[in-house]
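What follows is a structure written as structure tokens; I'll ask about it next.
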Amino acid sequence: MSDKRTETSAAVQDIREALASQHVDSGRSLTQTLAVACRILAANGHGSGLAGQMTARGDTPGTMWTLPYGMGFEEVTASDYLLVDNDLKVIDGKGTPNPANRFHLHVYAVRDDIDAIVHTHPLNCSALSMIGEPLKPMHMDTSMFYGDVAFLPRWPGIPFGDEEGEIISEALGDKNAILLAHHGQLCAAPTVEAACVMGVFIERAAEMQLKAMAAGDIKEIEPDLGHEAHDWRHAPEAMRTTFEYFARRALAGNDDCLR
């Protein structure tokens, strides 16, 4: 490793340790964190009607926390969340779960490393998905997707059935994000906080790409630097700190989503 790379790695480790030492537990429950994530996503262009889905794996195998059909991200509260089983039957809570969430169960079933999923149809991701262009995260701010975003080139239709779940989970593979042709995006992570942050930045990455493509050719970044930046952006301390920043903005003067 070069002296520069060694110095950078040491600096990253120092920052991670500093962030870890400064961390104060938010005290939020899982459903409260999910509700805050929904408000963050709504504030960042992800409230595409009723198409938004922010879920988390339940404590019991084969269960998932999800929203009832008809809830928009901007109005979600913690008490709205439903705990459902593999057949989308409600175990805890009141309401009818969104049938489009079924494919999340397939992703959870094949990826033990994933505990939270955000799937939305934001404007720029959707626009990029319509022209058959995979995501090209060639900017420092969007490096969390460098080498870590899949592309599904064919739309399998409305994801209500098991077939769509199998297609999407297979296309995702071992990646943490995917752009879905003629559809939208999906980000998956070990925590709700990380999935939410990825959701915010994948839409930003799509917007950057569309603007860059209109202006000229997108230039590649050096792979070593891209992978290094990716790993830093995925550090739990970095994800948590970024989420709390977005949370402060989303909750400023209005914390009704915590009820």
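The values are calculated or read from the model by the stated rules, or taken from the named source; none is laboratory data. The structure presented is a predicted model; accordingly, all values stated were derived computationally and were not measured. Note that we place each Cβ from the backbone using ideal geometry, even for glycine, and neighbour counts take in every protein chain shown. With ligands, DNA and RNA removed, areas are computed over all heavy atoms of the protein, side chains included. Shrake-Rupley method; radii C 1.70, N 1.55, O 1.52, S 1.80 Å.
Which FRET efficiency, nearest 0.05, do residue 69 and residue 213 yield, Cβ-Cβ r, R0 41 Å?
Plugging the Cβ-Cβ distance into 1/(1 + (r/R0)^6) gives 0.70.
Which GluC sites (Glu not before Pro) from the stretch 158-259 combine a DSSP loop assignment with at most 15 other Cβ atoms within 10 Å?
Details: sites: 163, 164, 166, 170, 193, 203, 207, 220, 228, 237, 244; in loops: 220.
Answer in residue order: 220.
Moving on. Report the calculated FRET efficiency for residue 140 and residue 94 (r = Cβ-Cβ distance, R0 = 51 Å), to the nearest 0.05.
Numbers: r = 44 Å, r/R0 = 0.87.
FRET efficiency, residue 140 to residue 94: 0.70.
Can I ask one more? Only Cα pairs under 8 Å and at least 6 apart count here; give the relative contact order of the stretch 109-259 as a rounded whole percent.
In percent, rounded to a whole number, it is 32.
Kindly report, to the nearest 10 Å², the accessible surface of residue 225 as traced by a 1.4 Å probe over protein heavy atoms only.
Its accessible surface works out to 70 Å², give or take rounding.
Between residue 258 and residue 158, what is the label-to-label distance in nm when each label sits 7 Å out along the Cα-to-Cβ direction?
3.8 nm
Cross-link candidates for residue 219: which lysines have Cα within less than 29 Å, leaving aside residues fewer than 8 places away along the same chain?
In chain and number order, the partners are 4, 136, 175, 211.
Give the accessible surface of the stretch 137-239 per residue, rounded to a whole number of Å², with probe radius 1.4 Å and ligands, DNA and RNA excluded.
45 Å²
Something else about it: Hey, any idea what % of the stretch 83-169's accessible area is carbon plus sulfur with a 1.4 Å probe?
55 percent
Then there is this: Would you please give the residues with an amide H less than 5 Å from that of residue 69, counting only those at least 5 places away or on a separate chain, with H modeled from the backbone geometry?
Residues meeting the amide H criterion: 96, 98.
Which of rounded, prolate, oblate describes the chain, given a ≥ b ≥ c as roots of the alpha-carbon gyration tensor eigenvalues and a/c under 1.5 marking rounded, otherwise prolate only if a/b is larger than b/c? Spell out each step's value before the answer.
Details: a/c = 1.67, a/b = 1.23, b/c = 1.35.
Oblate is the answer for the chain, as a/c is 1.5 or above yet b/c matches or exceeds a/b.
Relative contact order, percent, of the stretch 116-187 when contacts are C-alpha pairs under 8 Å separated by at least 6 residues?
46 percent
Rounded to the nearest 500, what is the 222 nm mean residue ellipticity of the chain from helices alone, with -39500 (n - 2.57) per DSSP H run of 4+ residues and division by all residues?
-14000 deg cm²/dmol
Taking amide H positions as placed 1.01 Å from N in the peptide plane, with prolines and chain starts having none, which residues 5 or more places from residue 115, or on another chain, fall under 5 Å of its amide H?
189, 191
Could you check the simple spin-label distance between residue 170 and residue 26, using points 7 Å along Cα→Cβ, in nm with one decimal?
Reported label-point gap for residue 170 and residue 26 is 3.6 nm.
Over what distance in Å are the Cα centres of the stretch 34-83 and the stretch 165-200 separated?
15 Å
If you don't mind, there's one more thing I want to ask. What list of ³J(HN,Hα) couplings, whole Hz, do you get for the stretch 94-100 from phi and the Karplus terms 6.51, -1.76, 1.60, once you set θ to phi - 60° and write x for glycine and proline?
10, x, 9, x, 5, x, 5
Could you identify which residue out of 194, 109, 181 has the top mean-square fluctuation in a GNM of the chain using Cα springs shorter than 10 Å?
Maximum fluctuation in the GNM of the chain, among the listed residues, is at 109.
Further question: Going toward the positive end of the dipole of the chain, with +1 on Lys and Arg Cβ and -1 on Asp and Glu Cβ, which of 50, 98, 27 do you reach last?
Result: 50, furthest along the dipole toward the positive end.
Report the relative contact order of the chain, percent, no decimals, based on alpha-carbon pairs under 8 angstrom and at least 6 residues apart.
Normalised by residue count, the contact order of the chain is 22 percent.
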